[in-house]
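Below is one structure; the comments refer to it alone.
The values are calculated or read from the model by the stated rules, or taken from the named source; none is laboratory data. What you see is a predicted model, and the numbers here were worked out from it, not measured in a lab. A quick note on method: Cβ atoms are made from the backbone with ideal geometry, for glycine too, and the neighbour counts reach across all protein chains shown. These area figures cover heavy atoms from the full protein model, side chains too; ligands, DNA and RNA do not enter into them. Shrake-Rupley method; radii C 1.70, N 1.55, O 1.52, S 1.80 Å.
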Amino acid sequence: MNKKDLEHFGKKLNTEKNMLETELKSLGHTDSKIAGGWEASPSKMDVDNADENELADKIEDFEENSAILEQLETQLSAVNSALERIEKGTYGVCEICNKPIENDRLEANSSANTCLEHMAK
Ligand SMILES: [Zn+2]
């Protein structure tokens, strides 16, 4: 991959990283127990005054946020390892067959680490 392409995908990845981190921060906070882990922030609730329905809603929100956080976290770690591959000079190479990954595929998903043929199902 030439320098110009690497710069292009590097920029895309950094933009994606910033977006993911902003979203993560709006939904949760870093989990100090796990490096790079995120935890959904519990909704502020007034337990004493909340009725049963309100409580159920809050719990549902929390569970929904946890699920979204988990997805964002997975995406962020994929983006981070793609940025590491740019540093190491192994970006854009399929992890399975070592052939260059199609540019179209990288345009659609800059953190892809396999070619179309070896894309995880
Ligand atoms: Zn491959």
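Numerical summary
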quantity: Placed amide H near Gly28: partners under 5 Å, 5+ positions off or other chain; calculated: Ser41
quantity: Area of Lys99 that stays accessible when all protein chains are in place (1.4 Å probe, Å², to 10); calculated: 120 Å²
quantity: Listed residues Ser41, Ser77, Ser26 arranged by accessible area, highest first, probe 1.4 Å; calculated: Ser26, Ser77, Ser41
quantity: Cα long-axis angle, helix 52-88 against the chain (0 to 90 degrees, to the nearest 10); calculated: 20 degrees
quantity: Interchain or long-range residues, amide H under 5 Å from Gly37's placed H; calculated: Asp31
quantity: Label point distance in nm, Thr114-Asn14, each placed 7 Å from Cα along Cα→Cβ; calculated: 3.0 nm
quantity: Stretchable slack from Asp51 to Glu63, in nm (0.36 nm times residue separation minus alpha-carbon distance); calculated: 2.5 nm
quantity: Long-range amide H partners of Val93 with built H, under 5 Å; calculated: Ile101
quantity: Asp31-Asp5 pseudo-label distance in nm [points 7 Å out on the Cα-to-Cβ vector]; calculated: 3.7 nm
quantity: The chain: relative contact order in percent, alpha carbon pairs under 8 Å with at least 6 residues between; calculated: 26 percent
quantity: Given charges at beta-carbon only (K, R positive; D, E negative), |dipole| of the chain in Debye; calculated: 1200 debye
quantity: Label-point separation in nm, Ser41 to Asp104, each point 7 Å along Cα→Cβ; calculated: 4.2 nm
